[in-house]
Amino acid sequence: MNHAEFSSDDVVTHFIRGPVDQLPGPHLLHEEAEGSETIMNEPPTVAKPRSRGNRLSSASPVVIVAGGSSGIGLACCRRFAADGATVISGDLRQSAAGQGAGEWIELDVTDPDRWRAIVDSVRTRYGRLDALVNSAGILFEGTVESTSLELWRKVMAVNLYGTFFGCQAVLPLMRQSGGGAIVNVSSVSGIKADAELAAYDASKGAVRLLSKEVALFCARRGDPIRCNSVHPGVVDTPMLTGFFAEATLSSEQQWNNAQPIGRRIVPDEVASLIVWLCSSEASFLTGAEYVIDGGATA
Ligand SMILES: NC(=O)c1ccc[n+]([C@@H]2O[C@H](COP(=O)([O-])OP(=O)(O)OC[C@H]3O[C@@H](n4cnc5c(N)ncnc54)[C@H](O)[C@@H]3O)[C@@H](O)[C@H]2O)c1
C-alpha cells in the first residue's frame, strides 16, 4: 500500500493494537550507558515518549537510526519504538540503547559496505524501510589554523561521509517500500559558523546541502522519498559533556547563554521534531531545514 493512501485513523488503530513486542523481528532491550542521560541544567518538563498513533506512514513501519545508542539518536529510537515501529539502532557501541529503544546493530557509518549489509538485512527480515535518521556525529574543537588534516578527515568521515553513505544505501529499499523519509541531523553550526569549530561547521553545512540534494533528486525522479535536515542548538547529550571536558577555546557558559529560551535542549525535544518529520503529517515537507535552538539563530 502506498503511504499516501493511509489515513491517520488506520495507523492509530494499528499502533494501539500492535505493541512493539508483537511486531515481527527481534526487539532487544539494552542496558543504560553510564551517565548517558545526564541532565546538566534544570530539567524542563517535556513530553515522555509515548504512543501517539499517527506517526509513520505504513502499517508496520521499519526505521534505521544511525547513532542510536546515545543522545538525540537514542531519544529518536525510543520515540519510534513507543509509536510501534520496528527500530534498528546502528551505532559503534551498544551500551546506551535503553529499554524500548529497539534492536542494536553494529555500524560504523564511515563504512559503506556495512551500510549496504545492514540495509540488505533489513530487506530480508522486514521487506521494507520507512525512515532513516542520520544522527551519528562527532564534535571536536579546532580553528581553521589549528585543525590537523587528521582531525578534519575524521570529522568529515563521520558527520558528512557517514550521512552520505546512509542516504545512498537506503534509497533503493525505500523506493521498493513505496516511499520513505530521511532526516539528517545537522546543527545550527551548519547554518551559522563558530570561530573554533572549523571541521564541524564545514561538515554540518555540507550535510544541510546534501539533504536538499537528496530531496530534489528523489522528487524529480518521482520517488515518494522525502529528505530534510534538522539543526539543533545546544542539546544536553554526552557529546556536549565530552566536548566541554576537553575544550579550551569554547565557553560552556557562552554556549548555554546563546539560547534565548534560557536552557539547553533536551534530546527528546529534538526527537519529537525528527519523528514528526518522518510521519505522514509532514508529507509535503522535503528539502527543508528545521532549526531547533530556543531562538539562538533568530
Ligand atoms: N548535542 C548537541 O548540542 C548537538 C547540537 C547540534 C547537533 N548535534 C548533532 O546531533 C547528532 C547526535 O549528537 P548527540 O549530541 O546525540 O551526541 P552523542 O554523542 O550523544 O551521540 C552520538 C552517537 O553517534 C555514535 N557515533 C559516533 N561515531 C560513529 C560512527 N562512526 N558510526 C556509528 N555511530 C557513531 C556515538 O557512538 C553516539 O552513540 C550529531 O550528529 C551531532 O553533531 C548535537
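The values are calculated or read from the model by the stated rules, or taken from the named source; none is laboratory data. These figures come from a predicted structure and were not determined experimentally. Reconstructed Cβ throughout: ideal geometry from the backbone, glycine too, with neighbour counts over all protein chains shown.
Output the helices (runs of 4 or more DSSP H) that fall wholly within segment 196-298 and possess 2 or more residues being more than 14 Å from the chain's Cα centre (by Cα), over 18 Å from residue 155 (Cα atoms) and within 12 Å of the ligand (Cβ to nearest atom), or say none. Spell out how you get there, then give the answer.
On the way: elements: 198-221, 238-246, 252-257, 267-277.
Answer list for segment 196-298: 252-257.
Rundown of residues vs (1) out of contact with any Leu (no Cβ under 8 Å at 6 or more places or on another chain); (2) outside any loop (DSSP other than H, G, I, E, B), yes/no style:
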| position | (1), (2) |
| --- | --- |
| 120 | yes, yes |
| 125 | yes, yes |
| 129 | no, no |
| 154 | yes, yes |
| 157 | yes, yes |
| 160 | no, yes |
| 169 | yes, yes |
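Would you check if there is a residue in segment 127-146 being of a type in the set (S, T, N, Q), crowded, with 17+ Cβ neighbours inside 10 Å, more than 10 Å from the ligand (Cβ to nearest atom) and more than 16 Å from the chain's Cα centre (by Cα)?
Taking segment 127-146 and keeping what is of a type in the set (S, T, N, Q), we get 134-135, 143, 146.
From what's left, crowded, with 17+ Cβ neighbours inside 10 Å: 134-135.
Those left that are additionally more than 10 Å from the ligand (Cβ to nearest atom): none.
Within segment 127-146, none of the residues are of a type in the set (S, T, N, Q), crowded, with 17+ Cβ neighbours inside 10 Å, more than 10 Å from the ligand (Cβ to nearest atom) and more than 16 Å from the chain's Cα centre (by Cα).
Scanning for something within 13 Å of the ligand (Cβ to nearest atom), of a type outside the set (Val, Ile, Thr) and buried (at least 17 other Cβ atoms within 10 Å of the Cβ), does segment 113-126 turn up at least one residue?
Checking segment 113-126: at least one residue is within 13 Å of the ligand (Cβ to nearest atom), of a type outside the set (Val, Ile, Thr) and buried (at least 17 other Cβ atoms within 10 Å of the Cβ).
Test residue 166 against the criterion of being within 11 Å of the ligand (Cβ to nearest atom) and more than 26 Å from residue 297 (Cα to Cα), and give yes or no. Walk me through how you get there before you give the answer.
Values: within 11 Å of the ligand (Cβ to nearest atom): yes; more than 26 Å from residue 297 (Cα to Cα): yes.
Yes; evaluated as a whole, the condition is true for this residue.
If I go through segment 46-96 residue by residue, how many of them are away from the ligand (no atom under 15 Å from the Cβ), at pLDDT 55 or above and hydroxyl-bearing (Ser, Thr, Tyr)?
Counting residues in segment 46-96 that are away from the ligand (no atom under 15 Å from the Cβ), at pLDDT 55 or above and hydroxyl-bearing (Ser, Thr, Tyr) gives 4.
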